[in-house]
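For reference, the structure discussed in these notes is given below.
Every number in this text was worked out from the coordinates using simple rules, so none of it is lab data. As the structure is a prediction and not an experimental result, all values here were calculated from the model. Neighbour counts run over all protein chains shown; Cβ positions are idealised from the backbone, glycine included.
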Amino acid sequence: MRHSADQPLDLVRRPRRNRKAEWARRLVRENRVTTDDLIWPIFINEGKVPREPVATMPGVERVSVAEAVNVAREAKELGIPALCLFPNTPPSLRDEMGSEALNPDNLTCRALRAIKAAVPDIGLITDVALDPYTSHGHDGILENGRILNDETVAILTQQAVIQAGAGADVIAPSDMMDGRVGAIRIALDDNGFTDVQIMAYSAKYASAYYGPFRDAVGSSGTLSGDKKTYQMDFANGAEALMEAELDVAEGADMVMVKPGLPYLDIVHRVKSTLGVPTFVYQVSGEYAMIMAAAEKGMIDPERAMVETLTAFKRAGADGILTYFAPRMARWLKAER
Ligand code: PBG
């Protein structure tokens, strides 16, 4: 290639040509987020107060069971395929064993029935784990400082069957106990719920980014210690593939990687290796970081939203659980 002061560059390939205008960029764009990719996680509150802000998650509110129906209507209107429900259980109902998880009239079950009755054609995903129900804030049964695996799994299978009975379309175990997907699959089938899907939180890391969520479900004050004996070490990648493989072998219909942005390599490896429907969770801390920076005028939240969600698609995700779901859906509508 000739290059000198009087001899201009003579380039055959100029990648910038395809970037010269928005219409041209649209033509060569490799990945895009659509409303079909979005799952909207919502927090359910006890009582009549329709909405209450979550202090650590600007723009996110806990809603009453009645108001959850309106949220579902909004999701439907926006074209969002599914909601994921998380309960903020009153402290008085939390105990050592997380017994409220097995109450067929708990917050999650009431919200499931109310939404199913009013908005039947929206997908409802429920979290299986004990942390919103235990007084110690752990996802399982705690004995002498240890989380018991098999004893916890026995409870989780009942929790899953109860949620399916209340109308859950997808059971999403987020507890990271060994063998829970297989046990839940058998329990669902034994109880006639052969069509209820399982979305396994397969590669769920012990992460600093769950802080605002624990605030939202009222478990940040109660959690004793950390979750490192069951959630994954963030230094590990191959282990995530093993976890996802096990879950698929045990009957998971979909797998999930969580958190999202710091784990794009894992999303890519899981999707390209296993080829199964792969989801990613842009968790509360990721959302809060963008919104907090936006409040300080340091970042444009809308652009950060579109960029991060598109990055998940580029990494290979089939869908994204994100607190930006309604905002992204509105953005997509305005784009058309
Ligand atoms: C509970 C659960 C957590 C999240 C989803 N399910 C928190 C935790 O494991 O402590 C985190 C979601 C988020 O941070 O947005 N098993």
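Listed values, structure above:
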item: Yes/no for Ala111 being out of contact with any Lys or Arg (no Cβ under 9 Å at 6 or more places or on another chain) and either basic (Lys, Arg) or touching a residue at least 60 places away in the same chain (Cβ under 8 Å) (or both); result: yes
item: Tally, over segment 170-205, of residues that are of a type outside the set (S, T, N, Q) and farther than 22 Å from Trp40 by Cα; result: 16
